[in-house]
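The values are calculated or read from the model by the stated rules, or taken from the named source; none is laboratory data. The shown structure was predicted, so the numbers you read here are calculated from the model rather than taken from an experiment. Positions of Cβ are generated from backbone atoms using ideal geometry, with glycine treated the same way; all protein chains shown enter the neighbour counts. SASA here: full protein model, heavy atoms, side chains in, ligands and nucleic acids out. Shrake-Rupley method; radii C 1.70, N 1.55, O 1.52, S 1.80 Å.
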Amino acid sequence: MRILLIKTSSLGDVVHNLPVVTDLRRSYPDAQIDWVVEEAFREIPRLHPGLHRVIPVALRRWRRALLTPATWREMQFFRSTLQEQSYDLVIDTQGLLKSALLARLARGRRCGYGAASAREPLAARFYDVRFAVGKDLHAVERNRRLVSLAAGYSASSAPDYGIAVACPRSGIPGTQSEPAPTPAGPSAVLLTATSRDDKLWPEERWIALGRALQQRGLSCLLPAGSPAERARAERLAQAIPGSVALPPLSLAELAAQLAAARIVIGVDTGLVHLAAALGRPTLALFCASDPALTGVYATTPALNLGARGQPPGVEEVLAAAAPLF
């Protein structure tokens, strides 16, 4: 059996789709499972050993230069790659018009959400087979339910993300470049950056939390990507004894840092979901979004704190973190 999964973005959504690969591999051990994903996130599906091939797409980048010859050449190459073989099932777990159009380009039986279940109802028109899946389910379970209906099996067990990475201090090859600097001893990774300013946790709370963790024997690591994020990480590192503001890292390198941490604490961002998927004790801090349907979700200790308009306090976070490390 050949199966193509389509889940292009964003980072958290891609992480939430990983248990689907585990479910499919358990039900169809010999299946060839491919995955179409935005090029920026292609390292995440590659962490799963059950995947055969990752097919990167660059919709975000193409939109910025749609009229250039180079973009059209890339689009044609993507289409040719996608159509190199026929699939028994093409399953779009994204439920957006853009992902449904990608499914339409592939050769195979195209499956997706029905109009009442899809995030964009118009997407349902482009599938050959449509399934009703409740919108009240967590995103992980929505993905699993859709794929189990399309592929004809029952996914009744707890979600298994199926991924593991080499820790940077283990001495085992696996990261793509030299390990980022890490302090000696156990670490806590603090994910302070997110895509929206209203999701940020106040810097003074990060400082109070970091100092409390340092007093409990944990060195704090602060990943950052953009210049603004790096500036924040550096401010926090200066105020938290023994902490390190990490340089920009690839997703694979970040995954290794998360896997090595004693605990991960972060705002509503894709990396906090990756930490939970890697089996690390994880606390997700919500300030402007609802964790009920898209919070961290794993069988290992993974807790959601706060809610829209109700950010958690430092003492609440410390109380939740204490049993985890």
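Miscellaneous remarks
- Among the residues of the range 7-56, the ones that are under 23 Å from Ser156 (Cβ atoms), of a type in the set (Lys, Arg) and either under 16 Å from the mean Cα position of the chain (by Cα) or buried (at least 18 other Cβ atoms within 10 Å of the Cβ) (or both) come to 2 in all.
- Close pairs from the range 125-136: first assigned to a strand (DSSP E or B), partner open to solvent by 60 Å² or more (accessible area, probe 1.4 Å) and of a type in the set (Val, Ile, Thr), Cβ under 7 Å, at least 6 apart: none
- Qualifying residue in the range 116-123 (condition: farther than 17 Å from Ile55 by Cβ, of a type outside the set (Asp, Glu), touching a residue at least 12 places away in the same chain (Cβ under 8 Å) and part of a helix (DSSP H, G or I)): yes
- Filtering the range 137-153 to residues that are assigned to a loop (DSSP other than H, G, I, E, B) and either among the basic types (Lys, Arg) or in contact with a helix residue (DSSP H, G or I) (Cβ under 7 Å, 6 or more places away or on another chain) (or both) leaves Leu137, His138, Tyr153.
- The range 111-120, subset more than 10 Å from Ile91 (Cα to Cα) and within 24 Å of the chain's Cα centre (by Cα), residue surrounded by the most Cβ atoms within 10 Å (Cβ to Cβ): Ala118
- Among the residues listed as Ser154, Ser170, Ser187, Ser177, the single one being open to solvent by 10 Å² or more (accessible area, probe 1.4 Å) and at pLDDT 85 or above: Ser154
- Summed over the range 157-167, the residues that are modelled with pLDDT of 85 or more and either open to solvent by 70 Å² or more (accessible area, probe 1.4 Å) or among the acidic types (Asp, Glu) (or both) give a count of 1.
- Selection over the range 204-250 of residues that are open to solvent by 60 Å² or more (accessible area, probe 1.4 Å), within 24 Å of the chain's Cα centre (by Cα) and either over 19 Å from Leu271 (Cα atoms) or of a type in the set (Lys, Arg) (or both) gives a count of 1.
- Residue in the range 265-288 that is open to solvent by less than 30 Å² (accessible area, probe 1.4 Å), assigned to a helix (DSSP H, G or I), among the polar types (S, T, N, Q) and in contact with a strand residue (DSSP E or B) (Cβ under 8 Å, 6 or more places away or on another chain) present: no
- Test: residue in the range 275-283 that is hydroxyl-bearing (Ser, Thr, Tyr) and either at pLDDT 95 or above or closer than 28 Å to Leu137 by Cβ (or both): yes
- Tally, over the range 62-89, of residues that are open to solvent by 40 Å² or more (accessible area, probe 1.4 Å) and either free of Cβ contacts under 8 Å to residues at least 12 places away in the same chain or over 22 Å from Leu24 (Cβ atoms) (or both): 16
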